[in-house]
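I have placed the structure first, in the form of structure tokens, so that the comments after it can refer back to it.
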Amino acid sequence: MFSKHNTGLIVVDIQGNLAKQVHASSAFLDQCATLIQGAKCLDLPVVVLEQLPNKLGPTDAKLAVHLGAFTPIIKSTFNGCEVPEFVERVRSFKVDTWLVCGIEAHICVYQTVLGLLDLDYHVELVSDCVSSRKLSNAELGIHRAEASGASVTSVEMCLYELVKDASSPEFLPILNLIR
């Protein structure tokens, strides 16, 4: 099991019109907002990636409001780990497990997950916080990431695993996010 002391969150390219074009976009964005708020409640490090925001637009406003102070790392590569600034920021947090959410599951999310695995991180792909324009591509991205060594979790599963105890101070805020 992972814990809040060794876990961070990576948000991959949830931006512009693409965020509204992915499969079940409204539910996807709601789940991502819950995950981000939960990560903040648990004081997890958060790293945000944006794919060519001058072309695709910035991180979706529904999420940006919760990300506030987290400055996105701009990339053109599909694999975030090919950007030295991203790797430096990831390494700076001294955690060994990364929760990953974002779009598109079969392209940037998948390739970034593989990059993190190559850097010897444990990766937890948050299945209800990844999407693609086609459901079949999202499912393929999740399946391939898992076959490559990533674990798969959900928002509720990972947040409660991080809280661990109903008597912890984070339990009620997390419960209120999940409800």
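The values are calculated or read from the model by the stated rules, or taken from the named source; none is laboratory data. Computed from a predicted structure; not experimentally measured. So basically every Cβ, Gly included, is an ideal-geometry build from the backbone, and we count neighbours across all protein chains shown. SASA here: full protein model, heavy atoms, side chains in, ligands and nucleic acids out. Shrake-Rupley method; radii C 1.70, N 1.55, O 1.52, S 1.80 Å.
Counting only residues that are open to solvent by 10 Å² or more (accessible area, probe 1.4 Å) and assigned to a helix (DSSP H, G or I), which one in the range 1-27 is farthest from GLY68 (Cα to Cα)?
The residue in question is GLN21.
Filter the range 106-144 for residues that are in contact with a Ser or Thr (Cβ under 9 Å, 6 or more places away or on another chain), in contact (Cβ under 8 Å) with a residue 40 or more places away in the chain and under 19 Å from ALA24 (Cβ atoms) and give the result.
CYS108, VAL109, VAL126, ASP128, CYS129, SER131, ALA138, listed by residue number.
Please go through the range 28-54 and give me each residue that is more than 17 Å from GLU161 (Cβ to Cβ), polar (S, T, N, Q) and in a helix (DSSP H, G or I), ordered by number.
ASN54, the sole residue that qualifies.
Output the residue which, of all residues in the range 159-179 that are open to solvent by 30 Å² or more (accessible area, probe 1.4 Å) and among the charged types (D, E, K, R), is nearest to TRP98 (Cα to Cα).
It comes out as GLU161.
Just to be sure, is CYS129 closer than 27 Å to ILE174 by Cα, within 15 Å of the chain's Cα centre (by Cα) and outside any strand (DSSP E or B)?
Spelling it out, it is not the case that CYS129 is closer than 27 Å to ILE174 by Cα, within 15 Å of the chain's Cα centre (by Cα) and outside any strand (DSSP E or B).
Kindly provide the set of residues from the range 102-116 that are in a helix (DSSP H, G or I) and aliphatic (A, V, I, L, M), ordered by number.
Across the range 102-116, the qualifying residues are ALA105, ILE107, VAL109, VAL113, LEU114, LEU116.
Condition test on GLY149, is it within 17 Å of the chain's Cα centre (by Cα), of a type outside the set (A, V, I, L, M, F, W, C) and surrounded by fewer than 18 Cβ atoms within 10 Å (Cβ to Cβ)?
yes
Restricting attention to the range 73-93, does a residue exist that is in a loop (DSSP other than H, G, I, E, B), within 25 Å of ASP120 (Cα to Cα), open to solvent by less than 30 Å² (accessible area, probe 1.4 Å) and of a type outside the set (D, E, K, R)?
Yes, the range 73-93 has at least one match.
Which pairs turn up if I take residues in the range 69-87 that are within 14 Å of VAL100 (Cβ to Cβ) and in contact (Cβ under 8 Å) with a residue 60 or more places away in the chain and look for partners that are open to solvent by less than 70 Å² (accessible area, probe 1.4 Å) and assigned to a helix (DSSP H, G or I) with beta carbon separation below 7 Å, at least 6 apart in sequence or on another chain?
GLY80/PHE86; GLY80/THR112; GLY80/GLY115
Of the residues that make up the range 91-99, is at least one under 17 Å from ILE14 (Cβ atoms) and touching a Ser or Thr at 6+ places or on another chain (Cβ under 9 Å)?
Within the range 91-99, one or more residues are under 17 Å from ILE14 (Cβ atoms) and touching a Ser or Thr at 6+ places or on another chain (Cβ under 9 Å).
Report whether or not ALA64 is buried (at least 16 other Cβ atoms within 10 Å of the Cβ), at pLDDT below 95 and not β-branched (Val, Ile, Thr).
When the stated conditions are applied, ALA64 passes them.
Take LEU99 and decide whether it is crowded, with 19+ Cβ neighbours inside 10 Å, in contact with a Gly (Cβ under 6 Å, 6 or more places away or on another chain) and either part of a strand (DSSP E or B) or of a type in the set (D, E, K, R) (or both).
no
Quick one: in the range 45-54, which of the residues that are open to solvent by 10 Å² or more (accessible area, probe 1.4 Å) and touching a residue at least 12 places away in the same chain (Cβ under 8 Å) is farthest from LEU177 (Cα to Cα)?
Per the criteria, the residue is LEU52.
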